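Below is one structure; the comments refer to it alone.
The values are calculated or read from the model by the stated rules, or taken from the named source; none is laboratory data. Predicted model only: the values in this text are computed from it and were never measured. Here the Cβ is made from the backbone with ideal geometry for all residues, glycine too, and neighbour counts use every protein chain on show.
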Amino acid sequence: MEGHVRKRGNKWYYGFEASNVNGSRKRIERVGGYTKKEAESALRKALTEYENAGMHFQPTEISVADYMDYWVNNYVLINCKYNTRSNYKALIKTHIKPSLGIYKLKTITPTILQEFVNKKYRSGLSQNSLSCIMNVLSSSLRYAVYPAAFIKENPMQYIKKPKYDHATHAKPHKVISPEDFTRIIQQFPQGSDYHIPIMIGYYTGCRIGEVMGLTWDNIDLRNKTISINKIILNRPSGWFFGSTKTNSSVRTIKIGGTLVNLLQKHKKCQIENRLEYGHHYMLYYESKVKDPKTGKSIRKIISLKANETPNSSDPISMVCTRENGKIVTPTQFKSAAKIIRESLKIDFNFHSLRHTHATRLIENGADIKDVQARLGHSNIRTTLDTYTHVTQSMAEKSVEIFELAAVKIK
């Protein structure tokens, strides 16, 4: 393929003819510089890139900041869940745009990205936060290669994450002792707003969004099971039902007599409270509305007093409610966690209940595959990595057991 250069005004242009498109030749011509030599150099580069990219060749001057907006609008908003979208946009706004936004996308090199990652590491950013930033960069730049075709390769493939000293950077998961859990239950006894969420979390290991999103049709008291198939999440316009973290998070969990009895009593109390509060009792409904950003149908949770008439909505019966019927949300639970930390001096958040549940199971001989399924982990490696301290302890115990059982050799 050949091209040409020519002078127009005080600039030199290069041009060449691209492949036939719908029976006609497509001509490409662009500024090459202020000298003939610059234009000839630009022509050679353009021809090389065109031969590699074909008729879709389109050099771009887009900045990293503008490209991130393009990626969010064309990929993230369409393919990612609400919480993921919110997290990605926050990371882009807080970390990526301030440091990398002024660069042209095509000039971003592995060296620039590695320096950016190293700087974030030296600033004291947590390992999890740095991993999330690197994931956003990897995903977005991979999209820039294909299908966007803005760049030839993903420079993030060459980036190494700095090695963290887990002893100083990683905060260990907190396992709640039986004594501390007793103190927590004494602080929030049966009948209090947070008793049922705490007990469900402790006896099932479910995530906070899964627990607060439970409806009574998820609970089979006769067969002693709880089905997890949605979460509750907060948007600017209110509370909504959303899909679980992963497909593996959709699961049915067996529960024991203790939790079954608590749930039976709680359900009875809800009925009694509704009669006592009358038309002041809060009832809940689900309404399908359109997400203004994605156009997809989403499940909005609507609250109305018992004497108010819903507008084309399906009634739902929430499990985690206050005395007056109002739902208990993950946001509201932060006040309970704060009381536990500050008044009881227990290192606690809702995830502590999940971690304690799994740890106790593994310590007492539960099969790791069963624990994986119960927690809803998509990969057993996640379970093994999270509970390495428990499996190591069990490995030492296994050696002791075999030593006792083995043939004694003198």
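When you scan the range 294-317, how many residues do you find that are more than 12 Å from Leu283 (Cβ to Cβ), hydroxyl-bearing (Ser, Thr, Tyr) and part of a loop (DSSP other than H, G, I, E, B)?
2
Return the pairs, sorted by first residue and then second, in which the second residue is in a strand (DSSP E or B) and β-branched (Val, Ile, Thr), the first residue lies in the range 1-13 and is touching a residue at least 60 places away in the same chain (Cβ under 8 Å) and surrounded by 10 or more Cβ atoms within 10 Å (Cβ to Cβ), the beta carbons are less than 9 Å apart, and the residues are 6+ apart or on different chains.
Close Cβ pairs satisfying both conditions: none exist.
Please list, ordered by first then second residue, the pairs with beta carbon atoms under 6 Å, 6 or more apart or interchain, first in the range 289-310 and under 30 Å from Glu276 (Cβ atoms) and assigned by TED's automatic domain parsing to the domain that holds Phe240, second hydroxyl-bearing (Ser, Thr, Tyr) and at pLDDT below 90.
Ile302/Ser313
Matching residues to (1) surrounded by fewer than 21 Cβ atoms within 10 Å (Cβ to Cβ); (2) of a type in the set (Ser, Thr, Tyr):
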residue	(1), (2)
Ser177	yes, yes
Pro197	no, no
Thr204	no, yes
Thr215	yes, yes
Asp220	yes, no
Phe240	no, no
Thr252	yes, yes
Cys269	yes, no
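Return the residues of the range 94-110 that are not in a helix (DSSP H, G or I) and not hydrophobic (A, V, I, L, M, F, W, C); say none if nothing qualifies.
If the condition is that a residue be not in a helix (DSSP H, G or I) and not hydrophobic (A, V, I, L, M, F, W, C), then Gly101, Tyr103, Lys104, Thr109 are the ones that fit.
What strands (runs of 3 or more DSSP E), lying completely within the range 179-247, carry at least 2 residues that are farther than 21 Å from Arg322 by Cα?
Once the strands (runs of 3 or more DSSP E) in the range 179-247 are filtered for at least 2 residues that are farther than 21 Å from Arg322 by Cα, what remains is 225-228.
Go through (1) out of contact with any Ser or Thr (no Cβ under 8 Å at 6 or more places or on another chain); (2) surrounded by 18 or more Cβ atoms within 10 Å (Cβ to Cβ); (3) among the aliphatic types (A, V, I, L, M); (4) not in a loop (DSSP other than H, G, I, E, B) and name the single condition Met156 misses.
Met156 satisfies all of (1) out of contact with any Ser or Thr (no Cβ under 8 Å at 6 or more places or on another chain); (2) surrounded by 18 or more Cβ atoms within 10 Å (Cβ to Cβ); (3) among the aliphatic types (A, V, I, L, M); (4) not in a loop (DSSP other than H, G, I, E, B) except (1).
Which one of these is surrounded by 15 or more Cβ atoms within 10 Å (Cβ to Cβ), part of a helix (DSSP H, G or I), within 22 Å of the chain's Cα centre (by Cα) and not assigned by TED's automatic domain parsing to the domain that holds Lys300: Ser138, Ser131?
Ser138
Please report, ordered by residue number, the strands (runs of 3 or more DSSP E) entirely within the range 1-42 with at least 2 residues that are closer than 20 Å to Glu61 by Cβ, modelled with pLDDT of 75 or more and of a type in the set (A, V, I, L, M).
Counting at least 2 such residues, we get 24-33.
Assuming Ile340 fulfils every condition listed in (1) in contact (Cβ under 8 Å) with a residue 60 or more places away in the chain; (2) part of a loop (DSSP other than H, G, I, E, B) apart from one, which condition is it?
The one condition Ile340 does not meet is (2).
Tell me, yes or no, whether the range 108-126 has at least one residue that is surrounded by 18 or more Cβ atoms within 10 Å (Cβ to Cβ), more than 24 Å from the chain's Cα centre (by Cα) and not assigned by TED's automatic domain parsing to the domain that holds Ile346.
yes
Could you identify the single residue in Leu91, Leu113 that is closer than 12 Å to Lys161 by Cα, at pLDDT 95 or above and in a helix (DSSP H, G or I)?
Only one candidate qualifies: Leu113.
To keep it simple, each residue is scored yes or no on (1) outside any helix (DSSP H, G or I); (2) at pLDDT 90 or above; (3) closer than 24 Å to Val250 by Cβ.
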| residue | (1), (2), (3) |
| --- | --- |
| Leu361 | no, yes, yes |
| Val371 | no, yes, yes |
| Met394 | no, no, no |
| Glu400 | no, no, no |
| Lys410 | yes, no, no |
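Restricting attention to the range 97-116, does a residue exist that is under 28 Å from Ala337 (Cβ atoms) and without any contact (Cβ under 8 Å) to a residue 24 or more places away in the chain?
For the range 97-116, residues under 28 Å from Ala337 (Cβ atoms) and without any contact (Cβ under 8 Å) to a residue 24 or more places away in the chain: absent.
In the range 243-285, what residues are within 30 Å of Asn74 (Cβ to Cβ) and of a type outside the set (Gly, Ala, Ser)?
Thr244, Lys245, Thr246, Asn247, Val250
Condition first: part of a helix (DSSP H, G or I) and in contact (Cβ under 8 Å) with a residue 40 or more places away in the chain. Can you find one or more residues in the range 318-331 that meet it?
yes
Kindly provide the set of residues from the range 299-320 that are of a type in the set (D, E, K, R), out of contact with any Phe, Trp or Tyr (no Cβ under 6 Å at 6 or more places or on another chain) and surrounded by 14 or more Cβ atoms within 10 Å (Cβ to Cβ), ordered by number.
The one that is of a type in the set (D, E, K, R), out of contact with any Phe, Trp or Tyr (no Cβ under 6 Å at 6 or more places or on another chain) and surrounded by 14 or more Cβ atoms within 10 Å (Cβ to Cβ): Lys305.
Can you tell which of Ile133, Ile159 is under 29 Å from His351 (Cβ atoms) and modelled with pLDDT of 95 or more?
Going through Ile133, Ile159 in turn, just one is under 29 Å from His351 (Cβ atoms) and modelled with pLDDT of 95 or more: Ile133.
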